[in-house]
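Student: Starting off with a structure, shown below.
The values are calculated or read from the model by the stated rules, or taken from the named source; none is laboratory data. This is a predicted model, so every value here is computed, not measured. Methodologically, a virtual Cβ is constructed for each residue, glycine included, from the backbone with ideal geometry; neighbour enumeration extends over all protein chains shown. Quick note on the areas: whole protein, heavy atoms, side chains included, nothing else; ligands and nucleic acids left out. Shrake-Rupley method; radii C 1.70, N 1.55, O 1.52, S 1.80 Å.
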Amino acid sequence: LTARGVANQDGINFSNISGELYGGSLNAKLMVDWSTRWQFAGSIDLAGVNASQMLTAVNSPGLVEGKLKLSGIFSSKTSQFSKIVDEANISADFVVNNGSIRNVELARAVISNGNQSLMGDDTHFDKMTGSLHVENGVYQYRKIVLQSAQFRASGYFDIIPNQLLSGKVSANLQAQSRRLQSNFTLE
């Protein structure tokens, strides 16, 4: 990790932070101000990062595997340094290539017409795209699109601080002469 910044009595401004992270690269800018209370703001770009390791590092279950590309902004304001992460606001767009969602089997659930649980083997994909917004401990995933040669799913979901999940997914499976579609409510 290398960083270039300027510090004074009120804070520090890193104009360039770059390095390697979980098999990929990191580029960021960061401003820290402690003149009246703790304030952080900046931007981040990740490329080729191991998605599972990154999710585990931010205390999220590493259920998604693949190579992550992410571009976003973040900020946080608090009177207690220990609450910087808890009170962070994050907005980011992401792409995960050649990956899978562990223990979730969307294709089987489509074939069974939504009559079975989504839990099972992994769902493999060529590409997954979406956006993430984090505020007040609520993770909002929007415009999620998962694609592979014969499978496509789209949807949205929220994860609230007690780890409860809610959202909707629409999935399409195309096999030779048949096209199947199912809609799922996540909870």
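Student: Please find, within segment 135-158, the residue that is modelled with the lowest pLDDT out of those that are surrounded by fewer than 18 Cβ atoms within 10 Å (Cβ to Cβ), part of a strand (DSSP E or B) and aliphatic (A, V, I, L, M).
Tutor: Checked segment 135-158; the qualifying residue modelled with the lowest pLDDT is 138.
Student: Restricting attention to segment 1-24, which residues are surrounded by 15 or more Cβ atoms within 10 Å (Cβ to Cβ) and either at pLDDT below 95 or closer than 27 Å to residue 66 by Cα (or both)?
Tutor: Those that are surrounded by 15 or more Cβ atoms within 10 Å (Cβ to Cβ) and either at pLDDT below 95 or closer than 27 Å to residue 66 by Cα (or both): 17, 21, 22, 24.
Student: Let me ask something else. What strands (runs of 3 or more DSSP E), lying completely within segment 1-87, carry at least 1 residues that are in contact with a helix residue (DSSP H, G or I) (Cβ under 6 Å, 6 or more places away or on another chain) and under 19 Å from residue 130 (Cβ atoms)?
Tutor: Where strands (runs of 3 or more DSSP E) fall fully within segment 1-87 and carry at least 1 residues being in contact with a helix residue (DSSP H, G or I) (Cβ under 6 Å, 6 or more places away or on another chain) and under 19 Å from residue 130 (Cβ atoms), they are 64-78.
Student: Looking only at segment 89-110, how many residues end up being in a strand (DSSP E or B) and at pLDDT below 85?
Tutor: Residues flagged as in a strand (DSSP E or B) and at pLDDT below 85 within segment 89-110 amount to 1.
Student: Now for a separate question. Inside segment 51-86, can you point out the residues that are open to solvent by 30 Å² or more (accessible area, probe 1.4 Å), in contact with a Lys or Arg (Cβ under 7 Å, 6 or more places away or on another chain) and either in contact (Cβ under 8 Å) with a residue 60 or more places away in the chain or not small (Gly, Ala, Ser) (or both)?
Tutor: 63, 65, 77
Student: While we're on this one: Tally time: how many residues in segment 160-187 are free of Cβ contacts under 8 Å to residues at least 24 places away in the same chain and part of a strand (DSSP E or B)?
Tutor: Number of matching residues: 7.
Student: If we keep just the residues of segment 159-176 that are small (Gly, Ala, Ser) and closer than 24 Å to residue 97 by Cβ, which is modelled with the lowest pLDDT?
Tutor: 175
Student: Which residues, taken from segment 25-47, are open to solvent by 40 Å² or more (accessible area, probe 1.4 Å), closer than 28 Å to residue 65 by Cα and of a type outside the set (A, V, I, L, M)?
Tutor: Residues satisfying the conditions are 25, 27, 29, 45.
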